[in-house]
Amino acid sequence: MFGIFLGLAALMVLAYLGWSIIWVAPIAAGIVALTGGLDLLEAYRDTYMGGFVNFAKSWFPVFMLGAIFGKLMQDTGMARSVAVAMTKVIGTQRAILGVLASAAVLTYGGVSLFVVVFAVYPLAISLFREANVSRKLIPATVALGAFTFTMTAIPGSPQIQNLIPMDYFDTTATAAPVMGIIAAIIMSVGGYFYLRRQERKLRDNGEAFTEPKDDKNTEAEDKTPHWLLSFLPLLTVLITLNVFQVDVVTALIAGILLIMILNIPKYKRFIQAMNSGASGSVIAIINTSAAVGFGTVVREVPGFERLTELLMGVKGHPLISEAISVNILAGATGSASGGMGIALEALGSKYYEIAQNTGVSPEAFHRIASLSSGGLDALPHNGAVLTLFAITGMTHKDSYKDIFVVAVLIPIISVAVVILLAAIGIL
């Protein structure tokens, strides 16, 4: 079992240092294999690559189509159109709420987190300038809207973090809706009021909006589609996935086709957008598959049985051990989907068995797995966090404390509250 923690520590430290999980995960898996008495070559060639390939086989279409959908939304101007429309409703003086709502709508509509960052940033600059709010709060505001409740909590979300548990617990994207809604309220309301408090604090300290040194990302785009048309692809994905209960691949294809139909005059952009989205999805699926491959090796060593006993033996409600497992592994890999993939690949069958033999529903295990993936995943080495800083021109020193509160601390609190309510029989 020491070897498991040693491998996990290596994975966490090297990922934190910025080393790619694509080659770090096999090294960490090798540490686990050697200390666990497995043949190194066999563990890599059969066990590690078996887990890697099986995950990629099951999820690559979703990763690819989701990335293409998001890139088409961005390149046709539809993503910006939705964001601007949300701002007009909310008002320019409510800069934080406008950016938060825009990011949330895009994420819940199926646009990938990375694309949301690019789409919302120009709008955030305009709103924060108008309201004279410090740019230090832009990263945390975008993170709250895109990396938290719309990704893991709101029932029906087409984000991968809400879809992965379906295969392990035989559930749907709307699993445990009450649990999800309660957690979403805690995250969104708690995060919003925290950011408003920080806004007032910064203003009292004399910190106001400052123009970015490089404003190339804030340049106006050409004419965007009408906001009503821009909402249609997002609604199409949500409705086909959750109302008609079709496969997520079919839902995403429907959304992609509608984007193309509604933007025929911009047809020259389609190929480049689809190529870019498809290329980006390859890195995403390989990163997550690498993490899952590590989890597959962990599951094969003798020490895993002891680790399973410890996690399953956590006192209290059985959802607690699942929350701890997913959170720790998401933090170690710096990836919500990667950490959850490791945990469920290793322990999913155990949790499903518990669900079958106790009064806890598989839907509850689904929702807690999804919620827990969105906690420690947003540590400083998280890829989306690093992208957010790169696009906004901020640093960890400038803005990470606020990201930690809204994307790590409050989501963990929401999971604890939901589990407590389930344990005392309210949910």
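The values are calculated or read from the model by the stated rules, or taken from the named source; none is laboratory data. This is a predicted model, so every value here is computed, not measured. Every residue, glycine as well, gets a Cβ built from its backbone with ideal geometry; the counts of neighbours run over all protein chains shown. These area figures cover heavy atoms from the full protein model, side chains too; ligands, DNA and RNA do not enter into them. Shrake-Rupley method; radii C 1.70, N 1.55, O 1.52, S 1.80 Å.
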statement: A student asked for the Cα radius of gyration and Dmax of region 46-176 in angstrom ought to give 16.7, 57
- request: Set Lys and Arg Cβ to +1 and Asp and Glu Cβ to -1, take the dipole of region 1-110 about its Cα centre, and tell me which of M12, G91, G51 lies farthest positive.
  value: G91
query: How high is the relative contact order of the chain, in percent, counting Cα pairs under 8 Å that sit 6 or more residues apart?
result: 26
message: Can you bin every Cα-Cα distance in region 232-385 into 10 Å intervals starting at zero and give me the percent of pairs per bin, rounded to whole numbers?
response: 10, 28, 31, 20, 8, 2, 0
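Rounded, prolate or oblate: which fits region 1-75, taking a ≥ b ≥ c as square roots of the Cα gyration tensor eigenvalues, rounded meaning a/c under 1.5, else prolate when a/b beats b/c?
oblate
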- request: Rounded to whole Hz and in sequence order, give me ³J(HN,Hα) for region 49-65 from the Karplus expression 6.51 cos²θ - 1.76 cosθ + 1.60, θ = phi - 60°, writing x for Gly and Pro.
  value: 5, x, x, 4, 5, 5, 5, 4, 4, 6, 10, 4, x, 5, 4, 5, 5
task: Scan the chain and report its longest stretch carrying no trypsin sites (Lys or Arg not before Pro) that are both in a DSSP loop and have at most 14 other Cβ atoms within 10 Å.
output: 1-212
message: Check which residues have an amide H placed less than 5 Å from L427's amide H, if you skip close sequence neighbours.
response: A422
For the chain, alpha-carbon Rg over 2.2 N^0.38 Å: 0.96
field: Average projection area in nm² (convex hull over Cα atoms of region 238-304, one quarter of hull surface)
entry: 6.6
message: Could you sort the peptides 98-107, 320-329 by per-residue average Cβ neighbour count (10 Å cutoff), highest mean leading?
response: 98-107, 320-329
- line: Counting only protein heavy atoms and leaving out ligands, DNA and RNA, the solvent-accessible surface of D39 at a 1.4 Å probe, in Å² to the nearest 10, equals 90
- prompt: If the chain between R196 and K315 were fully stretched, how many nm would it gain, using 0.36 nm times the residue separation less the Cα-Cα distance?
  reply: 39.1 nm
- request: With θ set to phi - 60°, apply the Karplus curve 6.51 cos²θ - 1.76 cosθ + 1.60 along region 278-287 and write out the HN-Hα couplings as whole Hz, x wherever there is a Gly or Pro.
  value: 5, 5, x, 5, 5, 4, 4, 5, 5, 4
field: Pair A208, V189: separation of 7 Å Cα→Cβ label points (nm)
entry: 3.4
Å² per residue, accessible surface of the chain at 1.4 Å: 41
message: Sort H226, H366, H317, H396 by heavy-atom solvent-accessible area, probe 1.4 angstrom, most to least.
response: H226, H396, H317, H366
- request: Determine, at each q value in 0.14, 0.17, 0.21 (inverse angstroms), the log₁₀ of I(q)/I(0) that the Debye formula gives when each Cα of region 319-417 is one equal point scatterer.
  value: -0.53, -0.71, -0.96
message: Over region 1-52, what is the relative contact order in percent, taking alpha-carbon pairs closer than 8 angstrom and at least six residues apart?
response: 37
message: Suppose each label sits 7 Å from its Cα in the direction of the beta carbon; what would the M49-N275 distance come out to in nanometres?
response: 3.1
query: HN-Hα J couplings of region 93-107 from phi, Karplus 6.51/-1.76/1.60, θ = phi - 60°, integer Hz, Gly and Pro as x?
result: 6, 9, 4, 4, 5, x, 5, 4, 5, 5, 5, 5, 5, 5, 5
query: Percent of accessible area on the chain owned by carbon and sulfur, 1.4 Å probe?
result: 64
message: At 0.692 mPa s and 37 °C, plugging the Kirkwood radius over alpha-carbon pairs of region 169-268 into Stokes-Einstein gives what diffusion coefficient in µm²/s?
response: 182
- request: Note the angle between two axes, namely the Cα long axis of helix 248-262 and the longest principal axis of the Cα atoms of the chain, as a number of degrees from 0 to 90, rounded to the nearest 10.
  value: 20
- prompt: What are the extents of the Cα atoms of region 311-352 along their three principal axes, listed from largest to smallest and rounded to whole Å?
  reply: 27, 18, 11
- line: For the chain, the longest principal axis of the Cα atoms and the Cα long axis of helix 177-204 enclose an angle in degrees, to the nearest 10, of 50
- request: Compute the relative contact order of region 2-98 as a whole-number percentage, counting only Cα pairs closer than 8 Å that sit 6 or more residues apart in sequence.
  value: 17
query: Rounded, prolate or oblate: which one fits region 114-247, using the alpha carbon gyration tensor with axes a ≥ b ≥ c (rounded when a/c is under 1.5, else prolate when a/b beats b/c, else oblate)?
result: oblate
query: Over the alpha carbons of region 45-113, what is the largest minus smallest coordinate on each principal axis, giving the biggest first in Å?
result: 57, 23, 13
message: Quick check: the angle from helix 303-312's long axis to the longest principal axis of the chain, C-alpha only, nearest 10 degrees?
response: 60
